[in-house]
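Structure first, commentary second.
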Amino acid sequence: MTTTDMPDEHVARFHEICNLYLRIGHELELLGRNEEALEAYQRATSYDPKNHGARRKISAMEEILKAMKAEQVMENSPRSTRIMFDISDLIQYMRESRVPTGIQRVQLKIIYFALTEFRAQANPLVVHFDQAGSQWIPVEAELFLSLHNAAESGDDILEEELQEMLKRLDHPDLPPDYLDQQLQENDFILVNLGSSWWIENYFLKIRELRKKYGIRYVPMIHDVIPLMTPEHCSHLLVEEFCQWFSTLPFEVDGAVTNSEWSAMDVRHQVAKFLPQAVFPIHPIALNGDMRRDFSTRAINASNTINHLLPHDSSFVLCVGTLESRKNHLLLFKAWEQLLENYDATDVPFLVCLGKAGWLFDEAAEFLRARPALNAKIILISSVTDHSLAALYEASLFAVYNSFYEGWGLPVTESLAFGALPLIPCHTSLTEAGGRAAVYFRSNDLCDLYTKLETLIFNAEERERLSNHARAHAKLRDWKDVAREFVDTIISIKPSARTRQEELLRVPIGRVVHIGKSNALTPNFDLALANLLRDGLNWHGLEYWANWTKPGIVQIRLPLPDEVIGQDLMLFLRIRGALVDTFISVSCWLDDQRLGTPFEKMIGILHFHNIIFQLKPDSHHLNVTIDTGEGSQLLWPDPRRAGIAVVDLMVCRADDAIAQHFFMNSFPELCQEIVDSAHVSVHQV
């Protein structure tokens with residue numbers, strides 16, 4: 001029999017018993033008798049299954065007991081520092097392409113040596129994040145090494161074999177609790193050597209790992225090109241990068257990068273919107289000698305070259321994505337001048353190796369409109385490592401042009417294979433080329449043409465400069481590069497939590513939008529959309545708002561010193577889902593609920609405004625919203641959602657201007673404001 005079938009006096013009696021067990025549970029909780037408290041809360045729900053307060057208490061107590069159990073395991077186990085490599089980016093790439101580019105090759109090399117040469121020091125664990133299952137999945141060392149070998153073997157491995165390896169990633173031959181046990185028993189440093197801004201709610205996942213297991217997080221920042229040259233990137237990439245970069249200083253314990261120039265860029269960009277932050281970033285040069293990796297592999301240049309060029313043809317090699325930032329157009333114009341001033345048979349081919357990228361149309365149209373020039377330019381999207389080595393060794397020299405770089409792997413690759421690099425004199429390219437490269441003034445067609453003319457037609461000077469490059473190239477074994485990565489990562493101390501406690505404060509009197517933004521520069525407000533959401537019960541940010549998942553979601557609102565002890569108002573702007581949704585909203589201060597929960601039925605897709613009054617005596621203000629079982633979003637969206645959180649604002653109770661601004665910023669709320677819920681909460 002349910003309560004709806006009972007007489008009213010029985011229902012009232014059941015509610016009384018439920019409240020009694022809630023009070024008993026609360027007293028037991030205060031005494032630290034958490035397991036007994038959980039039992040009392042569970043008894044409460046047996047009398048009133050729909051009691052939101054009891055359900056929240058059960059959820060909270062289960063988390064507390066789980067954390068206590070984890071702490072006990074940690075205290076009783078010998079602990080060691082281990083590196084956990086997140087290869088989500090690498091796997092995403094390999095599902096679409098079997099031939100690695102620069103960033104993928106860096107990840108493969110460093111993790112390979114961490115698993116082999118430096119296993120005792122790094123004690124590594126490899127994982128990737130499964131978006132569909134919203135979980136971290138461990139990758140067996142043997143499987144990663146197989147993927148590494150597959151990436152290096154080029155065409156020697158069948159496509160079916162590679163696909164079978166990729167399928168195994170989602171179904172490791174390990175116990176279900178393997179990763180949890182490893183995280184509990186060791187001090188892990190989570191390292192992402194690729195990119196992560198494309199992974200939904202990535203920072204929320206990192207923060208949960210930090211709260212639950214105390215992990216440190218160290219990403220590799222290859223460059224900040226979307227901030228330095230946004231005109232050469234898609235708008236969507238710039239927007240996503242800005243939101244990621246805005247949150248970065250709060251969530252990382254340290255970072256590694258590939259050059260002094262990139263480290264300077266990162267510090268400069270962080271200082272623009274968070275000048276008081278001390279951002280620990282460690283540059284590690286990517287001057288690995290790719291040629292040494294081929295010491296036991298024969299390189300047959302003739303087969304590769306004969307497939308691309310007429311017999312005995314000379315060529316200059318340019319390696320880099322076919323995109324506007326690489327400024328191929330300047331090279332094409334220089335080759336056009338060569339054809340104007342010399343016989344076409346004396347002008348070498350320009351072989352451009354790289355995948356199609358962003359905004360290459362202008363350069364492509366330039367070629368199409370000039371048949372004679374087009375005949376001298378060869379565009380190749382991808383080759384194996386063996387073929388790449390063959391191209392470097394057979395070229396007259398290499399040319400690498402770009403408006404901006406974070407390192408410039410093709411420069412060190414060309415030096416490794418004895419190909420003299422001709423490069424622009426700017427950014428980190430001067431670190432990659434050092435004293436070995438030949439430089440031309442950036443984006444200077446005249447200077448580029450002069451250097452090309454010398455290197456093409458003056459064989460004696462080209463040989464002299466090539467010998468000089470071989471003598472002055474500063475290259476090292478990739479094993480040494482990996483050793484520096486491992487040493488640096490292990491030395492990084494925890495700092496993210498301290499940085500958040502010191503710098504993260506909700507702005508007073510300013511509307512905070514809980515969603516994505518089309519901003520093209522990093523800023524503190526962009527970070528807030530990530531930082532104020534807490535826990536994993538959130539769907540990904542959308543431009544208009546953020547859908548919650550069913551159940552209880554949390555919003556943290558760390559308050560600045562100047563408003564502690566003052567009368568404040570908290571405004572929440574939310575929107576209903578596709579069914580009427582009953583919600584319960586509570587404010588918490590230092591884990592103590594303020595007043596009674598506010599409960600309301602939220603209409604279908606209706607916007608609602610909820611206002612709280614409070615007078616906090618602590619920084620740690622939190623809001624929980626219980627949306628129950630949630631509902632299905634509109635087909636074909638497979639997600640279940642509770643409600644959407646759109647905007648919020650904390651302001652002083654006497655700040656009429658801020659309150660008026662919030663209430664009048666959203667036209668659909670004008671009528672709602674008249675009848676809005678106005679809830680006063682006081683400290684318990």
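The charge dipole of segment 115-177, taken about its Cα centre with unit charges on the Cβ atoms of Lys, Arg (+1), Asp and Glu (-1) only, comes to about 360 debye.
Phi angles across segment 650-658 convert, under the Karplus curve 6.51 cos²θ - 1.76 cosθ + 1.60 with θ = phi - 60°, into 3J(HN,Hα) values of 10, 9, 5, 5, 9, 8, 5, 5, 4 Hz, Gly and Pro given as x.
Compared with the rule-of-thumb size 2.2 N^0.38 Å for a compact globular protein, segment 433-523 has a Cα radius of gyration ratio of 2.05. Within segment 133-261, the percentage of alpha carbon pairs spaced more than 17 angstrom apart rounds to 69%. Along segment 199-212 the Karplus relation, 6.51 cos²θ - 1.76 cosθ + 1.60 evaluated at θ = phi - 60°, assigns HN-Hα couplings of 8, 4, 6, 4, 5, 4, 5, 5, 5, 5, 5, 5, 5, 7 Hz to successive residues, with x for each Gly and Pro.
What fraction, in whole percent, of alpha-carbon pairs in segment 170-226 exceed 20 Å separation? Value for segment 170-226 (Cα pairs over 20 Å): 39 percent.
Given in Å, the Rg to one decimal and the Dmax to the nearest whole number for the Cα atoms of segment 480-627 are 18.3, 62. Think of segment 488-609 as having a plus end and a minus end, set by charges on the Cβ of Lys, Arg, Asp and Glu; of PRO560, ASN546, GLN592, ASN546 sits farthest toward the positive end of this dipole. The rule of thumb for compact globular proteins, 2.2 N^0.38 Å, goes into the C-alpha radius of gyration of segment 69-226 1.05 times.
3J(HN,Hα) couplings calculated from phi for segment 242-254 with the Karplus curve 6.51 cos²θ - 1.76 cosθ + 1.60 (θ = phi - 60°) are, in sequence order, 4, 5, 5, 5, 5, 7, 3, x, 7, 10, 9, 8, x Hz; Gly and Pro show x. Here's how it looks for ASP444: its modeled amide H is under 5 Å from none belonging to a residue 5 or more places away or on a different chain.
Could you work out what % of the accessible surface of the chain is carbon and sulfur, using a 1.4 angstrom probe and leaving DNA, RNA and ligands out of the count? Heavy-atom surface of the chain belonging to carbon and sulfur, 1.4 Å probe: 52 percent. When Rg and Dmax are taken over the Cα atoms of segment 181-257, they come to 13.9, 47 Å.
Using only side-chain charges placed at the Cβ, +1 for Lys and Arg and -1 for Asp and Glu, the dipole size of the chain relative to its Cα centre rounds to 780 debye. Counting Lys and Arg as +1 and Asp and Glu as -1 over every other residue whose Cβ lies under 9 Å from the Cβ of PHE417, the net charge comes to -1. Model label sites at GLU240 and ASP173, defined 7 Å from Cα along the beta-carbon direction, differ in position by 3.5 nm.
Here's the picture: charge each Lys and Arg Cβ at +1 and each Asp and Glu Cβ at -1 in the chain, and of LEU143, ALA482, PHE612 the one pushed furthest to the positive end of that dipole is ALA482.
Applying 0.36 nm per residue to the separation of GLU599 and ASP312 and subtracting their alpha-carbon distance, the gain on full extension is 95.2 nm.
According to the calculation over all Cα-Cα pairs in segment 242-357, the P(r) per 10 Å bin from zero is 10, 23, 26, 21, 15, 6, 0 %.
Here the dipole of segment 71-151 is about 320 debye; that uses its Cα centre as origin and unit charges on the Cβ of Lys and Arg (positive) and Asp and Glu (negative). Pairwise Cα distances in segment 290-417 exceed 23 Å in 32 percent of cases. Compactness of segment 532-580 is given as radius of gyration and Dmax, 13.9, 41 Å, from Cα positions. Figure the gain on full extension for GLU340 and GLN632 (residue separation times 0.36 nm, minus the Cα-Cα span) and round it to one decimal in nm. Going from the current span to full extension adds 98.5 nm. Distances between placed amide hydrogens fall under 5 Å for PHE582 paired with ILE602, all partners being 5 or more residues away or on another chain.
Averaging 1/r over each pair of different alpha-carbon atoms in segment 338-411 and inverting the result gives 14.3 Å, the Kirkwood hydrodynamic radius. Under a Cβ-Cβ cut-off of 15 Å, what is the net charge of the residues other than CYS587 that fall near it, where Lys and Arg count +1 and Asp and Glu count -1? Once positives and negatives cancel, what remains is -2.
Separation of the alpha carbons by more than 21 angstrom is noted, of LYS205/LYS549; LYS516/LYS549; LYS167/LYS211; LYS211/LYS516; LYS326/LYS516; LYS109/LYS474, for LYS167/LYS211; LYS211/LYS516; LYS326/LYS516.
In the context of the full set of protein chains, residues of segment 177-308 present 36 Å² of accessible surface per residue (probe radius 1.4 Å, heavy atoms only).
At a Förster radius of 56 Å, what calculated FRET efficiency corresponds to the Cβ-Cβ distance of ASP477 and VAL11, to the nearest 0.05? In this case the efficiency is close to 0.15. The largest-to-smallest principal axis extents of the Cα set in the chain are 102, 55, 46 Å.
Take peptides 206-212, 459-465 and line them up by average Cβ neighbours within 10 Å, highest first, as a rough protection proxy.
Details: 206-212: 18.0, 459-465: 12.6.
Packing proxy ranking, top to bottom: 206-212, 459-465.
The values are calculated or read from the model by the stated rules, or taken from the named source; none is laboratory data. Predicted, not measured: the structure shown is a model, and the values here were computed from it. Virtual Cβ from ideal backbone geometry, glycine too; neighbours counted across all protein chains shown. What goes into the accessible areas is simple: the full protein's heavy atoms, side chains included, and nothing from ligands, DNA or RNA. Shrake-Rupley method; radii C 1.70, N 1.55, O 1.52, S 1.80 Å.
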